[in-house]
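A.B. asks: Got a structure here, written out as structure tokens. Questions coming.
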Amino acid sequence: IIGGVFLSIIVLFYFKSGNQSDVREAENQLAHVEKWTECDTTLASYPEEINTNQLYFQRIDNAKNYKIYMLHKLYGNYCSSKKYAAEYAQRADTATTEERKDLYLDSQKESLEEAEEYLEEYNEWNEMDFDDVHDYAIEDCENYLDRQEGDAAFVNFLLVLAIIMVPLYIMASYQYGYVMVKYENE
């Protein structure tokens, strides 16, 4: 048990160092977003081919990139929901029982509702100006920072708990051999 606690302490130290770097990264992102200079976020045309991984990391560079990222994300979600709705409709047509058909039709209806919500949000983002995008990005970065700080606090709590447990395990540990030798000597 004591060896397991020591191993847990080592693992928690590893996670603690990772969490600290994540918190610093979140703080840097927030500071960078707060310093954005005002730019035009009106998009004349939308890029057809976008590398989503590259776009994710470039989203905090400026408000225009953030808006493009969000529009791309929302449009992708809209397309996925429409695709799922079409698949559910097809499955409903080929369903063997009424119960399955109703299940697929309900899923299709939910997917279409989600698609409409994504489209509404897409249109809202499309109309946003710099101030709106900036406010949203700051709020998003603050939420990310809060999550990272919460994760770090939880790992610190577990680490302290594990360190406290070692002496408690040692003091409470009466091994079977120790007890037998003690009674034989008595």
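A.B. asks: Taking θ = phi - 60°, what integer Hz values does the Karplus form 6.51 cos²θ - 1.76 cosθ + 1.60 yield along region 142-147, in sequence order, with x for Gly and Pro?
C.D. replies: 5, 5, 5, 5, 4, 5
A.B. asks: Let me ask something else. Roughly how many nanometres apart are two label points built 7 Å out from the Cα toward the Cβ at Glu117 and Arg91?
C.D. replies: 1.9
A.B. asks: Continuing with the same structure: On C-alpha positions alone, give me the angle between the axis of helix 176-185 and the longest principal axis of the chain, in degrees, nearest 10.
C.D. replies: Around 10 degrees separate the two axes.
A.B. asks: Another question, if that's okay. Can you send over the solvent-accessible area of Asp106, 1.4 Å probe, protein chains only, in Å² to the nearest 10?
C.D. replies: 90
A.B. asks: Once ligands and nucleic acids are excluded and a 1.4 Å probe is used, how much of Ile170 is accessible, expressed in Å² to the nearest 10?
C.D. replies: Roughly 90 Å² of Ile170 is accessible to a 1.4 Å probe.
A.B. asks: Still on this structure: Send over the Kirkwood Rh of region 89-154, from the inverse of the averaged 1/r over different Cα pairs, rounded to one decimal Å.
C.D. replies: Computed over Cα pairs of region 89-154, the Kirkwood hydrodynamic radius comes out at 15.5 Å.
A.B. asks: Find out how many positive minus negative residues lie around Glu117, taking Lys and Arg as positive, Asp and Glu as negative, among other residues whose Cβ is under 14 Å from that of Glu117.
C.D. replies: Cβ neighbours under 14 Å give a net charge of -4.
A.B. asks: Using a 1.4 Å probe, how large is the accessible area of Lys83, given in Å² and rounded to the nearest 10?
C.D. replies: Roll a 1.4 Å probe over it and Lys83 shows about 120 Å².
A.B. asks: Same structure, new question: Need the full-extension length gain, Asp106 to Gln54, defined as separation in residues times 0.36 nm minus the C-alpha distance. One decimal, nm.
C.D. replies: Going from the current span to full extension adds 15.1 nm.
A.B. asks: Using only Cα atoms, find the angle between the long axis of helix 63-93 and the longest principal axis of the chain, and express it within 0 to 90 degrees, rounded to the nearest 10.
C.D. replies: 90
A.B. asks: Oh, and also: Starting from the 7 Å offset along Cα-to-Cβ, what nm value, one decimal, do you get for the label separation of Ile138 and Asp61?
C.D. replies: Spacing of the two 7 Å Cα→Cβ label points: 2.3 nm.
A.B. asks: Calculated from the structure, Kirkwood radius over Cα pairs in Å equals which of [x] 18.3; [y] 20.2; [z] 21.6?
C.D. replies: [z]
A.B. asks: Calculate, for the chain, the solvent-accessible area per residue in square angstrom, rolling a 1.4 angstrom probe over the heavy atoms of the protein chains.
C.D. replies: Per residue, the chain has 70 Å² of solvent-accessible surface.
A.B. asks: Through the Karplus equation 6.51 cos²θ - 1.76 cosθ + 1.60, θ set to phi - 60°, convert the phi angles of region 127-135 into ³J(HN,Hα) values in whole Hz; use x for Gly and Pro.
C.D. replies: These are the phi-based 3J(HN,Hα) values: 8, 5, 9, 4, 4, 5, 5, 4, 4 Hz.
A.B. asks: Using only Cα atoms, find the angle between the long axis of helix 2-34 and the longest principal axis of the chain, and express it within 0 to 90 degrees, rounded to the nearest 10.
C.D. replies: Approximately 30 degrees, to the nearest ten.
A.B. asks: Could you put Asp140, Asp131 in order of accessible surface area, largest first, with the 1.4 Å probe and the full protein assembly present? All intermediate terms of the calculation are to be shown ahead of the outcome.
C.D. replies: Working: Asp140 55, Asp131 85 Å².
Result of the area sort, largest leading: Asp131, Asp140.
A.B. asks: Determine, from the Cβ-Cβ distance of Glu124 and Tyr14 and an R0 of 35 Å, the FRET efficiency 1/(1 + (r/R0)^6), rounded to the nearest 0.05.
C.D. replies: It comes to 0.25.
The values are calculated or read from the model by the stated rules, or taken from the named source; none is laboratory data. None of these values were measured; they are calculated from a predicted model. Cβ: placed from backbone, ideal geometry, glycine included. Neighbour counts: every protein chain shown. For the accessible areas, the whole protein counts, side chains as well, though only heavy atoms, and no ligand, DNA or RNA atoms are used. Shrake-Rupley method; radii C 1.70, N 1.55, O 1.52, S 1.80 Å.
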